[in-house]
Each structure stands twice: as structure tokens, then as C-alpha cells.
Amino acid sequence: MKHFPTLAMVASAFFIAVQANAKAPDDRTNIQGVWLAQRESLNGKSKQVNFRYVFKGDKVTFTDETGREEKYTFKLEPMSKPKLCLIWPIGSDKKSKPVAVGYRLNGNSLTLIVAPEGKRPRDISDNHDQELIVCARSRS
């Protein structure tokens, strides 16, 4: 019976930690919705842009400035450094090599990093010939 208070404290701490984690939404939940790209930069050269990404379930639709749409399946890897969003064109074989896009998700701000073809993003920056895209969550 001497161990009961210690065991009860450990169980309580575990229960509280599980509840805290259960209440915190994950990246897959937070990324859902419409994101409007506002700016992109490459090697320090920045420009305004006007395109959007719509994340719904495990699909993302990209609409460029001309209105052309491209649809993809995606999977997040939030434990990688930097965090990665792996994308495959809809209809492609999931065994094919995905495109790895780095991301940082912070409330209503989404930053995407696209590395040169065949490479993975190194960090969240527009260095190393990586394209950095800054998006804001659409309010509509």
C-alpha cells in the first residue's frame, strides 16, 4: 500500500498529459481549408502572387493565377526537420516518388518551401534555390 500514492500520482499525470494531447489539434487538422498565397521568394528575390491551395481530407487543390487547377493527394510528415508535406498528382501510383514540400504552420499562416526538382527542402528559407511561399488562411 506504500506505493499506492506514487502510482496514483503517476496515473494522474499520465491521464492529464493524454487529455492535453487529445485537445491539441494536429497539423493535419489545422492545415484543412483555403490558403491564399500572398508572396513568394527565391534566393532573396520576392514578388507578390495570387494563387490558392485548398486542403480537404487527404487532397490538396492548387489554383494558379490563371485559374488552372492541379489536384494532388498529400501526406504530412510533421516529425521531419523541416516538417514535410509529401504530394502525389491525383491518379499517380502512390509507389511513385512524391514531391516533398517543406511547411511551417502557425495559426492562420502557412509557409511552404519547394526545393529544386529531385531534392528535399533543407530548411524554412528561400536559400539553396528553394522557393518560399507565404500563405494566409482565407476568411471566407
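Which trypsin sites (Lys or Arg not before Pro) in region 42-92 pass both tests, a DSSP loop state and at most 14 other beta-carbon atoms within 10 Å? Write out the running numbers ahead of the final one.
Values: sites: Lys45, Lys47, Arg52, Lys56, Lys59, Arg68, Lys71, Lys75, Lys83; in loops: Arg68, Lys83.
In loop regions of region 42-92 (DSSP not H, G, I, E or B), the sparsely surrounded trypsin sites (Lys or Arg not before Pro) are Arg68.
Treating the beta-carbon of each Lys and Arg as +1 and of each Asp and Glu as -1, no other charges, what is the dipole magnitude of region 81-136 about its Cα centre, to the nearest 20 debye? Don't jump to the answer; show the numbers that get you there.
Details: 9 positive and 6 negative charges, 70 e Å.
It works out to roughly 340 debye.
Going through region 52-100, which GluC sites (Glu not before Pro) have at most 12 other Cβ atoms within 10 Å and a DSSP loop state? Mind dumping the intermediate values first?
Details: sites: Glu65, Glu69, Glu70; in loops: Glu65.
Qualifying residues, ordered by number: Glu65.
Evaluate the distance, in nm, between pseudo-label points positioned 7 Å from the Cα of Gln38 and of Ser96 along their respective Cα→Cβ axes.
Spacing of the two 7 Å Cα→Cβ label points: 3.4 nm.
Take the cross-link list Lys56/Lys95; Lys47/Lys75; Lys45/Lys75 and give me the ones stretching past 24 Å between alpha-carbons.
Numbers: Lys56/Lys95 22 Å; Lys47/Lys75 28 Å; Lys45/Lys75 29 Å.
Correct reply: Lys47/Lys75; Lys45/Lys75.
Could you check the simple spin-label distance between Lys71 and Asp58, using points 7 Å along Cα→Cβ, in nm with one decimal?
Simple spin-label model gives 1.5 nm for this pair.
Any idea what the dipole of region 59-106 comes to, in debye rounded to 20, about its Cα centre with Lys/Arg Cβ at +1 and Asp/Glu Cβ at -1?
Details: 10 positive and 6 negative charges, 67 e Å.
Dipole magnitude for region 59-106 comes out near 320 debye.
If you put +1 on each Lys and Arg Cβ and -1 on each Asp and Glu Cβ, how big is the dipole of region 24-140 around its Cα centre, in Debye rounded to 20? Don't jump to the answer; show the numbers that get you there.
Working: 21 positive and 15 negative charges, 45 e Å.
The calculated dipole for region 24-140 is roughly 220 debye.
Run the numbers for Asn50 and Arg139: contour at 0.36 nm per residue of separation, minus the present Cα-Cα distance, in nm. Write out the running numbers ahead of the final one.
Details: separation 89, 0.36 × 89 = 32.04 nm, distance 1.54 nm.
So the extension gain works out to 30.5 nm.
A short reminder: the numbers here are calculations on the coordinates, not readings from a lab. All values reported here derive from a predicted model rather than from experimental measurement. Reconstructed Cβ throughout: ideal geometry from the backbone, glycine too, with neighbour counts over all protein chains shown.
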